[in-house]
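Just so it is clear, none of the values below were taken in a lab; they were calculated from the coordinates. Since the model is a prediction, treat every value here as computed from it, not as a measurement. For neighbour counting, all protein chains shown are included, and Cβ atoms are generated from backbone atoms with ideal geometry for every residue, glycine included.
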Amino acid sequence: MKAPAFAYVKPSTLDAVFELLERHGEGAKLLAGGQSLIPSLNMRLSAPELLIDITGLREYAGIHASVDSVRIGALTTHAEIERSAEIGKHLPLVARAVSHIAHPAIRNRGTLGGSLALADPAAEYPACAVALEATIVVSGRNGERRIKAEQFFKGLFETDLKPGEVVTAAEFPVAGRNDKSVFLELSRRRGDYAIIGLAAHNSRFVFFGAGTKPVLAGNAASKTSLQEARAALATDLDPPADLYNSSATKLHLAGVLLERAWNTLSTSH
Amino acid sequence: MEHALDITLTVNGTPVSRRVEARQHLVDFLREELGLTGSHVGCEHGVCGACTVRVDGEIVRGCLMLAVQANGCKVDTIEGLSDSKEVGELQRAFHERNSLQCGFCTPGMLMAARDLQLKNPAASREQIRAHLSGNYCRCTGYQAIVDAIEEVLHGKS
Ligand SMILES: Cc1cc2nc3c(=O)[nH]c(=O)nc-3n(C[C@H](O)[C@H](O)[C@H](O)COP(=O)(O)OP(=O)(O)OC[C@H]3O[C@@H](n4cnc5c(N)ncnc54)[C@H](O)[C@@H]3O)c2cc1C
Ligand code: FES
Ligand code: FES
């Protein structure tokens, strides 16, 4: 289908974005890569009056590594993250996750900020952000707020973003020499959203496609043997069924991923 | 607030200026305003890849980008790549290996294959498949498409 009619504006400063959001309230939507928003417009699942294209704010794109963290601007595309040598070096978990996001043509436009703000429960970045204890940076009329990823993702497509706020960046702690991470995903076809996936960093096992938001499997992680951990997983997760997989199937698959990650983490150096 | 905007872009090397509705997708603009019907419209929500075009050197979904967003950009379509012979080798291999039946997916397949040829000319068979993962073909079963691309990349026949 075709998108309904809307007005379009492409401001060049964040202040202009705040002003537009204030003036148009619920009727306005931010447009970043458009790779989730435009499908929803085409399917007429949403009908905003105004799209505010934020891709002109180039200062919010780009990757900056410091001694202990990597700051990725909200407008950085999946393709830029995929190509970045700094991400490969300092954030191996994110580097492994990104090639699972959709397909090359979509990765060329989709952005980190769009994915975090959308908070799809089967998306890769939110799970990585929780596993790595990233900080999400948001800005509004009243200044900047910094929110721990675990607090940022609140529920199904629901975040801590307040009306009028924009995600501007995410900051990920640099992986240390002794840190180990594993990224695993099961999907029907390459590039599809996950049936179930696991972003694991040391003992932080974060499942996606496993609930309304990224799920930190704390009980499983507290066990000393794989067998106990697999058994404890049922107390951490209650995955919702999808069109093809029952909740029990997904829980089983989560156990399979946990086992693979456990074995990799306990043998790799 | 504007529902229609003036845009200027370069399409297959030719400068174009038009007034477009904000809601119009790039692929509809190319097909309906410019008569470039080589880029196809399948699903209109980013799944099939039939609408693949190149914007500033990178492949994108023509159905997931608005025409207004292409303001100031350099857009290349299958017509441009065909006329310049940029995809000539790929077209020949697709033809020889029966890599198309109805041909609906072919323009998008060629755009994605050319992108791979530019970015990773040494791509393995598995990498070819990964690069084409966002392009659906409902006829061929993909085997012949992957064969044709492999032949062009590696000179196999
Ligand atoms: C066929 C297909 C397959 C896909 N598969 C996957 C997949 O496997 N995994 C995955 O993670 N994603 C997948 N995606 C989605 C893709 O990754 C999107 O790019 C991403 O979810 C949203 O980013 P965007 O920049 O395109 O955001 P947009 O579509 O522009 O925006 C999405 C939402 O976020 C809001 N928003 C955008 N930027 C900001 C910001 N900076 N601050 C506040 N709000 C903002 C918008 O208003 C909108 O509500 C897929 C998409 C398609 C079409
Ligand atoms: S028509 Fe654009 S991806 Fe199907
Ligand atoms: S040849 Fe018919 S869809 Fe590919």
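The equivalent ellipsoid that matches the C-alpha gyration tensor of the stretch A:196-269 spans semi-axes of 20, 12, 11 angstrom, in descending order. Loop-located GluC sites (Glu not before Pro) across the stretch A:106-193 with a Cβ neighbour count of 15 or fewer within 10 Å are A:GLU133, with loop assigned by DSSP. Computed from backbone phi with θ = phi - 60° and the Karplus coefficients 6.51, -1.76 and 1.60, the 3J(HN,Hα) list for the stretch A:195-209 is 6, 7, x, 9, 10, 10, 10, 6, 9, 8, 9, 10, 9, 10, x Hz; x is used for glycine and proline.
Taking amide H atoms as placed 1.01 Å from N in the peptide plane, the amide H of A:SER69 lies under 5 Å from those of A:VAL174, each 5 or more residues away in sequence or on another chain.
From the alpha carbon centroid of the stretch A:124-186 to that of the stretch B:16-66 is 33 Å. Over all directions, the projected convex hull of the C-alpha atoms in chain B averages 8.9 nm² in area.
Which angle between 0 and 90 degrees, to the nearest 10, do you get for helix B:106-119 versus the longest principal axis of chain B when only C-alpha atoms count? Helix B:106-119 sits at roughly 80 degrees to that axis. Counted residue by residue at 0.36 nm each, then reduced by the alpha carbon distance between them, the extension gain from A:GLU22 to A:LEU45 reaches 6.0 nm. Each Cα pair under 8 Å and six or more residues apart adds its sequence gap; the mean of these over the residue count of the stretch B:87-154 is a relative contact order of 50 percent.
In the stretch A:206-269, which chymotrypsin sites (Phe, Trp or Tyr not before Pro) fall in coil by DSSP and have 14 or fewer other Cβ atoms within 10 Å? For chymotrypsin sites (Phe, Trp or Tyr not before Pro) across the stretch A:206-269 that sit outside H, G, I, E and B with at most 14 neighbouring Cβ atoms in 10 Å, the list reads A:TYR244. In terms of the mean number of neighbouring beta-carbon atoms within 10 Å, the peptides A:41-54, A:17-30 order highest first as A:41-54, A:17-30.
Legend: calculated FRET efficiency, B:GLU32 to A:LYS223, from the Cβ-Cβ distance at R0 = 60 Å, rounded to 0.05, equals 0.50. Taking every alpha-carbon pair under 8 Å whose residues sit at least 6 apart, chain A reaches a relative contact order of 15 percent.
Averaged over peptide B:53-65, the number of partner chain Cβ atoms lying within 10 Å of each residue's Cβ comes to 5.
Is the C-alpha gyration tensor of the protein assembly as shown telling us rounded, prolate or oblate? Criteria: a/c under 1.5 is rounded; beyond that, a/b larger than b/c is prolate, otherwise oblate. Oblate shape, in that a/c is at least 1.5 and b/c is the bigger or equal ratio.
Averaged over peptide A:4-17, the number of partner chain Cβ atoms lying within 10 Å of each residue's Cβ comes to 3. Of the trypsin sites (Lys or Arg not before Pro) found in the stretch B:113-147, those in coil by DSSP whose Cβ has at most 11 other Cβ atoms within 10 Å are B:ARG138.
Segment B:ARG125..B:CYS43, full-extension length gain: 26.8 nm, with 0.36 nm per residue of separation and the alpha-carbon distance subtracted.
Cross-link pairs exceeding 25 Å between alpha carbons, from the set A:LYS154/A:LYS250; A:LYS89/A:LYS154; A:LYS10/A:LYS162: A:LYS89/A:LYS154.
Past the 16 angstrom mark, what percentage of all C-alpha to C-alpha distances in the stretch A:68-142 do you count? When every Cα pair of the stretch A:68-142 is considered, 47 percent fall beyond 16 Å. Our estimate of slack between A:LEU243 and A:ASN142, defined as 0.36 nm per intervening residue step minus the Cα-Cα distance, is 32.1 nm.
Under 8 Å for C-alpha pairs, at least 6 residues apart: give me the relative contact order for chain B, rounded to a whole percent. It rounds to 23 percent for chain B.
Remark on B:MET65: its backbone amide H falls under 5 Å from those of B:LEU26, B:VAL27, a criterion applied only to residues 5 or more positions apart or on other chains, H modelled at 1.01 Å from N. Phi-derived couplings, Karplus 6.51 cos²θ - 1.76 cosθ + 1.60 at θ = phi - 60°, listed residue by residue for the stretch A:59-68: 5, 9, 10, x, 10, 10, 9, 10, 4, 10 Hz, with x used for Gly and Pro.
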